[in-house]
Amino acid sequence: MKLFNTLTRQKDEFVPITPGEVKMYSCGPTVYNYFHVGNARPFIMFDLLRRYFEYRGYKVTFVQNFTDIDDKVINKANDEGVTFDVIADRYIKEYFVDAEGLGIRPADVHPRATETMDAIIEIVQKLIDNGHAYVAENGDVYFRTKTFPEYGKLSHQPLEDLQAGARISVGEVKEDAMDFAVWKAAKPGEPFWETPWGKGRPGWHIECSAMVNKYLGKSIDIHSGGLDLTFPHHENEIAQSECANGCTFANYWLHNGFLTIDNEKMSKSKGNFFMVRDAAKVYGYETIRMFMLSAHYRTPLNYSEETLKMNQASLERLYEARNNLEFRISKAQNETATAEEQEALTALAQYKEKFIEAMDDDMNTANALSSIFELMRDINSYSNSHADASRAYLQGAYDLFMELTGVLNIVQKHEDANADLDTAKIEELIAQRTAAKKNKDFAEADRIRDVLLNEMGIAIKDTRQGVQWSRV
Ligand code: AMP
Ligand code: ZN
């Protein structure tokens, strides 16, 4: 499998540190609100990468954090007059609601910054001890960027350029403008933790370095996140981790492109965002997932009503094909495949090959989806022109269709089609109508039939087997 590696700026063949195993870390949300459709892109796509590795037989350990202490969380808590953990707890819970809707599996570990404090303090102490970080006079701890000559290697910016662009902001007491905070001294009224060098809270970048250490080890295979995290967040993670551990932090760095709206990055600060929660009410969660899969994760993807509706229609076509196959399987008269059907089944394997080829090519989900649609058209055309298709053919076609859509985690739902109906009420009205007919009260029987039809959208049909009802 080839993956585009931001570090090398090319598609590199994936070679795991331990054969057959993948250690992955992805930067998760800051939990002060619901997440928007832009945030959903890395969550969906990197969970999918993990699923795909599993499909190919790897044992994957996947970690994604929750940043539960930072300025935004504290500000929101102050606005509401509650403590920061109330905000964090609430939006972590809400994260899992939307994630489940979107078909994102929970990571193996979802560490919270505040629950990883021991590991954070340990790595900061290590950096202070080995001279890569220092405690400033105001109690902040800064990373001494110049002590890491490789700084800038991920974002491909020479140290001199970064030096020229660096500024010291108000309140910072740094030796050098390029230095960045790994720890912030406690401010009045803010939550703090005790450390050997004083009270305070972690800077943002250090939590990921500490969590990778704690849950995955010093060196991992894949580190991922949105493109905007490349600099400074990931650059700083590399500096901290490699200076603390003296070895390569992550071999492959993957970054998803931006989800845009009117061709501008969707972001909370610009106010041009849609919460997943709200978009799902309009289009359904699975449509949002389908929309994400419709583009390769590194290309920009524009959010619009038109595109969402298009993806909704595509998804419906896939469901229709699946439902049709299920129906045909249940009704099939012939059990075993004819020689012609054997051949037709064997030919379907080409779509699986195409699917794998696409996914192996830096997880090109757009092409992977195309191969699923080709498979669907092939199956539809064969089964439509062969009313007597055997169960063996139909089941074989179905299994392959479900296998490939299953990797992308779409078209897997078997919802009760009548889940939204009050079936008990319908049955009761039908029983009342039958009783009325028995009593020759035809006016009442007709009235009940009209109630079912006009108020509940249910049509009834008298058959020899009894009354059948259906939606109109
Ligand atoms: P945040 O909660 O802001 O730290 O973001 C969580 C994740 O969403 C990070 O990996 C970001 O890079 C990513 N992200 C934020 N906005 C977008 C966007 N418009 N398109 C794609 N990814 C985004
Ligand atoms: Zn991170």
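The values are calculated or read from the model by the stated rules, or taken from the named source; none is laboratory data. Fair warning: this is a prediction, and the values are worked out from it, not measured in the lab. For neighbour counting, all protein chains shown are included, and Cβ atoms are generated from backbone atoms with ideal geometry for every residue, glycine included. Please note that ligands, DNA and RNA were not included when accessible areas were found on the heavy atoms of the full protein model with its side chains. Shrake-Rupley method; radii C 1.70, N 1.55, O 1.52, S 1.80 Å.
Tallying residues that are closer than 20 Å to ILE44 by Cβ, open to solvent by 20 Å² or more (accessible area, probe 1.4 Å) and of a type in the set (A, V, I, L, M, F, W, C) within segment 215-234 yields 2. Scanning segment 323-341 for residues that are under 15 Å from ILE379 (Cβ atoms), among the polar types (S, T, N, Q) and surrounded by 15 or more Cβ atoms within 10 Å (Cβ to Cβ) yields one hit, ASN324.
Among the residues of segment 195-221, those identified as more than 11 Å from ligand 2 (Cβ to nearest atom) and within 25 Å of LYS59 (Cβ to Cβ) are ASN213, LYS214, TYR215, LEU216, GLY217, LYS218, SER219, ILE220, ASP221.
Checked against the criterion of being in a loop (DSSP other than H, G, I, E, B), touching a residue at least 24 places away in the same chain (Cβ under 8 Å), within 15 Å of ligand 1 (Cβ to nearest atom) and of a type in the set (A, V, I, L, M), segment 274-291 has no qualifying residue. Within the option set VAL212, VAL182, VAL173, being open to solvent by less than 30 Å² (accessible area, probe 1.4 Å) and more than 16 Å from ligand 1 (Cβ to nearest atom) holds for one residue only, VAL182.
In segment 222-238, the residues that are over 10 Å from TYR151 (Cβ atoms) and more than 9 Å from ligand 2 (Cβ to nearest atom) reach residues that are open to solvent by 10 Å² or more (accessible area, probe 1.4 Å) and assigned to a helix (DSSP H, G or I) with C-beta atoms within less than 6 angstrom, at least six apart or across chains, in these pairs: GLY226/PRO42. For GLU190, are the conditions met, namely being part of a loop (DSSP other than H, G, I, E, B) and closer than 22 Å to VAL73 by Cα? Yes. ALA366 meets each of the listed conditions (1) touching a residue at least 40 places away in the same chain (Cβ under 8 Å); (2) of a type outside the set (Asp, Glu); (3) buried (at least 20 other Cβ atoms within 10 Å of the Cβ) apart from (3). Being surrounded by fewer than 21 Cβ atoms within 10 Å (Cβ to Cβ), closer than 16 Å to ASP70 by Cβ and of a type in the set (D, E, K, R) narrows it down to one residue among GLU150, GLU190, GLU237; which is it? From the options GLU150, GLU190, GLU237, the qualifying one is GLU190. Using the structure shown, decide if SER209 is among the hydroxyl-bearing types (Ser, Thr, Tyr), assigned to a strand (DSSP E or B) and under 22 Å from CYS247 (Cβ atoms). Considered against the rule, which asks whether it is among the hydroxyl-bearing types (Ser, Thr, Tyr), assigned to a strand (DSSP E or B) and under 22 Å from CYS247 (Cβ atoms), SER209 comes out as no. The condition of being open to solvent by less than 30 Å² (accessible area, probe 1.4 Å), over 27 Å from ALA185 (Cα atoms), hydroxyl-bearing (Ser, Thr, Tyr) and more than 16 Å from ligand 2 (Cβ to nearest atom) holds for only one of THR248, THR299, THR260, that being THR260.
Here's the yes/no breakdown for (1) among the β-branched types (Val, Ile, Thr); (2) touching a helix residue (DSSP H, G or I) at 6+ places or on another chain (Cβ under 6 Å):
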| site | (1), (2) |
| --- | --- |
| LEU404 | no, yes |
| VAL411 | yes, yes |
| LEU421 | no, no |
| LEU429 | no, yes |
| ALA435 | no, no |
| VAL451 | yes, no |
| GLY457 | no, no |
| GLY466 | no, no |
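Among the residues here, THR18 qualifies as over 27 Å from GLY152 (Cα atoms), more than 16 Å from ligand 2 (Cβ to nearest atom) and over 21 Å from the mean Cα position of the chain (by Cα).
Within the set ARG447, ARG471, ARG433, the sole residue that is open to solvent by less than 40 Å² (accessible area, probe 1.4 Å), basic (Lys, Arg) and more than 18 Å from SER330 (Cβ to Cβ) turns out to be ARG433. I'm trying to understand the selection: among the residues of segment 79-113, which are open to solvent by less than 30 Å² (accessible area, probe 1.4 Å) and not in a loop (DSSP other than H, G, I, E, B)? Matches in segment 79-113: ILE87, ALA88, TYR91, ILE92, TYR95, ASP98, ALA99, GLY101, ALA113.
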